[in-house]
Amino acid sequence: MKKVILDLATTLDGFIEGPDGEVDWCIMDSDMDFEGFLSGIDTIFYGRVSYDAWGNFQPDTNTSPAEKSIWKEVHSKHKYVFSSRDRQDDNATFISSDIANKVSEIKKQGGKDIWLYGGAGLIHTFIRLGLIDLYRISVHPVALGSGKPLFENLRERIELRLVKTNSFRSGVVQLIYEPENRTAARPV
């Protein structure tokens, strides 16, 4: 069965965006093997705001060939958008209700894993419902002091077990965790 993988960057002080939504602090080193991560997924889960910003993003002509290749690979994946607003989109399937059951159905389809891209609201919903199978958190060597925190307004403790740690030449440290006690999705 597919796994839902939360793969994202965070600052040392726990923010996934700066106070104005900036992510210019994110580092992409070649030794991070993001292409390897992308080759292991065939589906991406977006919140509507993140999808509208990044789901169909096209790099400009000055973008490096390596980054263009990454965006091409990202756009080759099947996309689901979780939103209270249902809409038709040729590039994505919109889901507006019954999240836990629909995620379960998608996971049973077989194939490669699922990247929980975000945004913050969708990540918080998936945490609350117990839908994340693997947390891949890349901690960047910067502290912002304010912004959008990864773990905000948790209703209960999340027990995680460290599976692997990767260190990169940039100073980024990737922490890979599994939920300690896998239980069925909790009601909202």
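Data overview
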read-out: Unit charges at the beta carbon, dipole of region 134-184: most positive-side option, Ile137, Ser167, Phe151; value: Ser167
read-out: GNM top mover of Leu38, Leu122, Leu144 - the chain, alpha-carbon springs below 10 Å; value: Leu144
read-out: FRET efficiency, 1/(1 + (r/R0)^6) with R0 35 Å, evaluated for His78 and Asn181 via beta carbons; value: 0.75
read-out: Contour excess over end-to-end distance, with Cα ends at Val173 and Gln88 and 0.36 nm allotted per residue; value: 26.7 nm
read-out: DSSP beta bridges in the chain [antiparallel fraction, %, rounded to 5]; value: 40 percent
read-out: Stokes-Einstein D for region 8-109, Kirkwood Rh over Cα pairs, 25 °C, 0.890 mPa s (µm²/s); value: 157 µm²/s
read-out: Span from the region 124-140 Cα centroid across to the region 80-103 one, whole angstrom; value: 19 Å
read-out: Length added when fully stretched, Glu67-Ser146, from 0.36 nm per residue minus Cα-Cα; value: 25.6 nm
read-out: Cα Rg, Dmax (largest Cα-Cα span) when computed across the chain, Å; value: 16.2, 47
read-out: Over 19 Å (Cα to Cα) - which of Lys3/Lys68; Lys3/Lys108; Lys3/Lys72; Lys2/Lys102; Lys77/Lys107; Lys3/Lys79 fall in this group; value: Lys3/Lys68; Lys3/Lys72
read-out: Projected-area average for region 52-110 over all orientations - Cα convex hull basis, square nanometres; value: 5.2 nm²
read-out: Met28-Glu159 FRET efficiency (beta carbon distance; Förster radius 41 Å; 0.05 resolution); value: 0.85
read-out: Relative contact order of region 14-138, defined on C-alpha pairs under 8 angstrom at six or more residues apart (%); value: 30 percent
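None of the figures in this text is laboratory data; all of them are computed from the coordinates on show. Just so it is clear, the structure is predicted and the values come from calculations on it, not from any experiment. Cβ atoms come from the backbone with ideal geometry, glycine included; neighbour counts cover every protein chain shown.
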